[in-house]
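Asker: Take a look at this one; I'll ask things after.
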Amino acid sequence: MRSALAFAPATIGNVAVGFDLLGCALEGAGDRVRATLLERPVVEVSDVLRAPRALGVADAALARIPRDPRKNTAAVGLFAMIRELRLKRGFRLRIEKGIPLGSGMGGSAASSVAAAVAANALLPRPLSKDQLLRYALLGESAASGSMHADNVAPCLYGGLTLAPCEEGGEVVRLPYPRDLVCVLVHPHLELATRDMRRILKPTVKLRDHVRQQSRLAGFLSGLYDKSWDRIGASLEDVLIEPQRAPKIRGFAAAKRAALAAGAAGFSISGSGPSVFAWVRGKARAAKVLRATRAAFSAAGLDSEGWTSPVSAAGARVL
């Protein structure tokens, strides 16, 4: 093949209790990247377009995406791939954004993963997902400023993942209830990941650290025991959410509305402003979606939203 088109899904990073560690992939929205072989070992970005079925991607936002491949999330990791694998040919990238910029839905991870998966399909000896992870992380770090895999890992592998912060750590795919439905709502705000990381305090109080650790432990044990009661009781972020929530107008009201409508847990997706809820069953999820959007509307914010199972597939060649 001379070209390949890959799709990478939107993701929920952190999943409330696992800052920079946990993430899950969704069905529906995502980014697409077409990689075409070049005769020289370079990377070019030819086009940045709106993807089919894009979720609120504005032309003005597309215009801000760097065409310089050294600064483009989708392209950065491919430079390292060419260098380290000693490739004699390079790649031209056509990027189709389906995830809004600064939405907290893993848009930078999706572009980076889609590019890595598309380029990989053109290699004489394609790499494994474990080998691709590092190249996708390099692209994500260009956007967020750090090598965390909470979005990249579920985007690449699919499902619900636990990804250590240390490079080379094993990505673990976690179990989750079969009747789990994710509700994701994107209010019409844009919050840059770098900016939302800068507002975080560099240290935490010991008692808050212990509270968060107890919730993470309860959440993980609830997954393995298939205990909705324990999952719901543990799905609360006491460290990061209180610092970021004030930046999201209507967040407190949306959280109250979602929990009252039957959500097991509710928090910020990634660095925001998108929010998510874990819900048991499709009928209850539809009620939570309506309640959350109504709360943002009452706060003067339009929004998009949808319900989705956890996507088991992850990124793939189309």
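Asker: Please sort by residue number the GluC sites (Glu not before Pro) in segment 39-101 whose DSSP state is loop and whose Cβ has at most 14 other Cβ atoms within 10 Å.
Answerer: Listed in order of number, the matching sites are E39.
Asker: If you plug each phi of segment 211-216 into the Karplus form 6.51 cos²θ - 1.76 cosθ + 1.60 with θ = phi - 60°, what whole-Hz ³J(HN,Hα) values come out, in order, with x for Gly and Pro?
Answerer: So the J values, rounded to whole Hz, are 4, 5, 4, 5, 6, 4.
Asker: On to the next question. Using amide H atoms built 1.01 Å from N in the peptide plane, name the residues 5+ places from V45, or on other chains, whose amide H lies under 5 Å from its own.
Answerer: L93
Asker: Would you grab the residues whose amide H sits under 5 Å from the one on W306? Only those 5+ places off in sequence or on another chain, please, with H modelled 1.01 Å from N.
Answerer: So W306 has HN proximity to L184.
Asker: Counting other Cβ atoms within 10 Å of each Cβ, which trypsin sites (Lys or Arg not before Pro) in segment 1-98 have at most 11 and sit in a DSSP loop?
Answerer: Counting only loop positions with at most 11 other Cβ atoms within 10 Å, the trypsin sites (Lys or Arg not before Pro) in segment 1-98 are R2, R53, R70, R86, K88.
Asker: To check you understand DSSP bridge types, tell me what percent of the beta bridges within segment 10-94 (both residues inside) are antiparallel, rounded to 5.
Answerer: 65 percent
Asker: Something else now. Could you check what % of the DSSP bridge pairs in segment 1-144 are antiparallel, to the nearest 5?
Answerer: Here the antiparallel bridges make up roughly 70 percent for segment 1-144.
Asker: Compute the long axis of helix 107-120 from its Cα atoms, compare it with the longest principal axis of the Cα atoms of the chain, and write down the angle in degrees, 0 to 90, nearest 10.
Answerer: Approximately 40 degrees, to the nearest ten.
Asker: With a 1.4 Å probe and every protein chain left in place, work out the accessible area per residue of segment 8-165 in Å², rounded to a whole number. Display every interim value, and only then the final one.
Answerer: Values: 5590 Å² over 158 residues.
Heavy-atom accessible area per residue stands at 35 Å².
Asker: Karplus couplings for segment 189-204 from phi (6.51 cos²θ - 1.76 cosθ + 1.60, θ = phi - 60°), rounded to Hz, Gly and Pro as x?
Answerer: 9, 10, 10, 5, 4, 4, 5, 6, 7, 5, 7, 6, 5, x, 10, 10
Asker: Turning to a different aspect of this structure: Using Cα-Cα distances under 8 Å and only pairs 6 or more residues apart, what relative contact order does the chain have, in percent?
Answerer: Relative CO of the chain lands at 24 percent.
Asker: As a test, work out the antiparallel percent of DSSP beta bridges whose residues both lie in the chain, rounded to the nearest 5.
Answerer: 85 percent
Asker: List the lysines whose Cα lies under 27 Å from the Cα of K255, skipping any in the same chain that are fewer than 8 positions away.
Answerer: Within reach: K201, K205, K226, K247, K282, K287.
Asker: Can you work out the Karplus-derived ³J(HN,Hα) for every residue in segment 69-79? Use 6.51 cos²θ - 1.76 cosθ + 1.60 with θ = phi - 60°, whole Hz, and x for glycine or proline.
Answerer: Working through the residues one at a time gives x, 6, 10, 8, 4, 5, 8, 4, x, 6, 4 Hz.
Asker: While we're here: Check which residues have an amide H placed less than 5 Å from A315's amide H, if you skip close sequence neighbours.
Answerer: For A315, the qualifying residues are L156, Y157, G158.
Asker: Can you spot the lysines whose alpha carbon is less than 24 Å from K88's alpha carbon? Ignore those fewer than 8 places along the same chain.
Answerer: K88 reaches K71, K129.
Asker: Specify whether the C-alpha gyration tensor of segment 224-318 places it in the rounded, prolate or oblate class, a ≥ b ≥ c being the square roots of the eigenvalues: rounded for a/c under 1.5, otherwise prolate if a/b is larger than b/c and oblate if not.
Answerer: rounded
The values are calculated or read from the model by the stated rules, or taken from the named source; none is laboratory data. Not measured: the values here are computed from a predicted model. When we count neighbours, we look across all protein chains shown, and the Cβ atoms used for this are built from the backbone with ideal geometry, even at glycine. SASA here: full protein model, heavy atoms, side chains in, ligands and nucleic acids out. Shrake-Rupley method; radii C 1.70, N 1.55, O 1.52, S 1.80 Å.
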